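Read through the structure below, which is laid out as structure tokens, and then see the notes.
The values are calculated or read from the model by the stated rules, or taken from the named source; none is laboratory data. What you are looking at is a predicted structure, and each value in this text was computed from that prediction instead of being measured. Backbone-built Cβ (ideal geometry, glycine too); neighbour counts: all protein chains shown.
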Amino acid sequence: MIKLTAAPEPVWIDIVPGVRVQLRPWSTPVLAAGQAAASAAVAAGHSADVGVVAFTMGVARYAALAWEGVGDEAGEPLDLTPAALQLLLEQSPEAFRAIDRDYVTPSLERSAEKNASAPSPDGTSPA
């Protein structure tokens, strides 16, 4: 059975103290954005490892709704844009790791669990 949530809430991911990013709830369009970014990287001749990085970056660019604690070189708050988020992910390994570890990986694991075969009703197979 697939259980649907009426209106899932966005999630906040803490990057480092004072810096966080708000992301859309995990959904098919979020997954598709990651897959498209990974496919584009591999089609451009990059390795599968680069495709994995592109997947997380594509997910983040699509899913990001807001952020706090990110500024420009002068320390002025920076508006969230796909280009600014890309810079954050490229320049801050902590940001990339936090989004991958706390948003992408758990979401993919939950999706994989939903796609697994259900056990037989009494927990054993007929054989």
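Worth a mention:
- Residue check, A38 hydrophobic (A, V, I, L, M, F, W, C) and farther than 30 Å from G75 by Cα: yes
- Among the residues of segment 100-111, some residue qualifies, meaning at least one is among the polar types (S, T, N, Q), surrounded by fewer than 15 Cβ atoms within 10 Å (Cβ to Cβ), out of contact with any Pro (no Cβ under 9 Å at 6 or more places or on another chain) and modelled with pLDDT under 95.
- Within segment 5-19, being surrounded by 19 or more Cβ atoms within 10 Å (Cβ to Cβ) and either in contact with a strand residue (DSSP E or B) (Cβ under 6 Å, 6 or more places away or on another chain) or of a type in the set (S, T, Y) (or both) holds for one residue alone: I13.
- Of all the residues in segment 1-29, those that are assigned to a loop (DSSP other than H, G, I, E, B), in contact (Cβ under 8 Å) with a residue 24 or more places away in the chain, touching a Pro at 6+ places or on another chain (Cβ under 9 Å) and of a type outside the set (A, V, I, L, M, F, W, C) number 2.
- Screening the candidates A32, A36 for the property of being exposed (fewer than 14 other Cβ atoms within 10 Å of the Cβ), at negative phi and outside any loop (DSSP other than H, G, I, E, B) yields one hit, A32.
- Residue match in segment 45-65 (condition: under 11 Å from the mean Cα position of the chain (by Cα), more than 15 Å from A95 (Cα to Cα), outside any helix (DSSP H, G or I) and not β-branched (V, I, T)): no
- Filter result (among the small types (G, A, S), touching a Gly at 6+ places or on another chain (Cβ under 8 Å) and within 11 Å of V19 (Cβ to Cβ)) within segment 57-96: G69
- A count restricted to segment 67-93 and to residues that are exposed (fewer than 12 other Cβ atoms within 10 Å of the Cβ) and either in a strand (DSSP E or B) or of a type in the set (D, E) (or both) stands at 6.
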